[in-house]
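The values are calculated or read from the model by the stated rules, or taken from the named source; none is laboratory data. Given the structure is predicted, the values throughout are model-derived calculations rather than measurements. No Cβ is skipped: glycine too gets one built from the backbone with ideal geometry, and neighbour counts run over all protein chains shown.
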Amino acid sequence: MELMKRDNNTALAVMKKKPVALFVAALMISSSTIFSVHRTLGAECQKISDSFYSGVYEPAWNTTRRSISSQLTKRCEAAAGLITVLNGYGDLSDYTAALQSARLSLLGNLSIRESYGANKKLGEAFTEAISELGELSLTEREQRMVDEYSASFSGAQNVIDGAGYNELVREFERSTLNVFPTNFLKSIVGGSLPQLFE
């Protein structure tokens with residue numbers, strides 16, 4: 001009991017020293033600031049990243065744009081449709097395999113940045129397949145299907161180009177991530193920063 005009192009008295013004596021008290025106060029303030037920035041920044045980063053999947057909200061129009069994720073799915077569906085036409089032509093099996101491979105890659109568990117590259121490869125494979133089909137004498141039904149899938153595929157890309165996601169990320173970087181103290185603390189607090197779709 002006497003030993004505990006002596007330890008408490010020693011601790012109090014140390015805490016009463018001005019440099020120690022200032023150090024402890026600075027440590028508590030720093031820890032509190034880092035925790036607060038981490039929590040707030042993490043929530044904001046998640047909100048921005050989520051708009052890739054749910055769409056960018058436009059306050060001026062009070063509406064949400066169609067998401068990039070939904071349009072990537074639409075492009076994969078159009079590619080699957082085109083594959084059904086390609087399957088009728090054995091000579092185009094290489095193009096069919098390339099398109100199927102690109103499609104499955106985009107449907108995989110990818111990051112936002114990886115999805116951009118996979119979408120680009122899908123676009124290239126789709127364009128090559130369309131070009132090869134254009135050299136053939138398709139039936140009227142097949143041509144109608146090809147036209148429909150092509151329109152859906154390119155239409156989805158047009159929506160992606162105007163989705164506003166990259167602009168949202170860049171504005172967040174400009175107004176939040178590159179402003180003091182966030183620009184200094186973002187590397188310390190960790191967390192997943194929003195990725196550009198490019």
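What the table shows:
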| read-out | value |
| --- | --- |
| Test for A97: is it at pLDDT 95 or above and either touching a Phe, Trp or Tyr at 6+ places or on another chain (Cβ under 8 Å) or on the phi > 0 side of the Ramachandran plot (or both) | no |
| Some residue of segment 64-81 being touching a strand residue (DSSP E or B) at 6+ places or on another chain (Cβ under 8 Å) and either without any contact (Cβ under 8 Å) to a residue 40 or more places away in the chain or under 28 Å from N166 (Cβ atoms) (or both) | yes |
| Test: residue in segment 21-33 that is surrounded by 12 or more Cβ atoms within 10 Å (Cβ to Cβ), more than 29 Å from E148 (Cβ to Cβ) and either modelled with pLDDT of 90 or more or in contact with a Cys (Cβ under 8 Å, 6 or more places away or on another chain) (or both) | no |
| Residue in segment 113-128 that is at pLDDT 95 or above, within 30 Å of D50 (Cβ to Cβ) and in a loop (DSSP other than H, G, I, E, B) present | no |
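Yes or no, residue by residue, for (1) out of contact with any Ser or Thr (no Cβ under 6 Å at 6 or more places or on another chain); (2) surrounded by 15 or more Cβ atoms within 10 Å (Cβ to Cβ); (3) under 30 Å from A60 (Cα atoms); (4) of a type in the set (D, E, K, R):
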| site | (1), (2), (3), (4) |
| --- | --- |
| L86 | no, yes, no, no |
| D94 | yes, no, no, yes |
| L104 | yes, no, no, no |
| Y116 | yes, yes, yes, no |
| G123 | yes, yes, no, no |
| L138 | yes, yes, no, no |
| Q143 | yes, yes, no, no |
| V146 | yes, yes, no, no |
| Y149 | yes, yes, no, no |
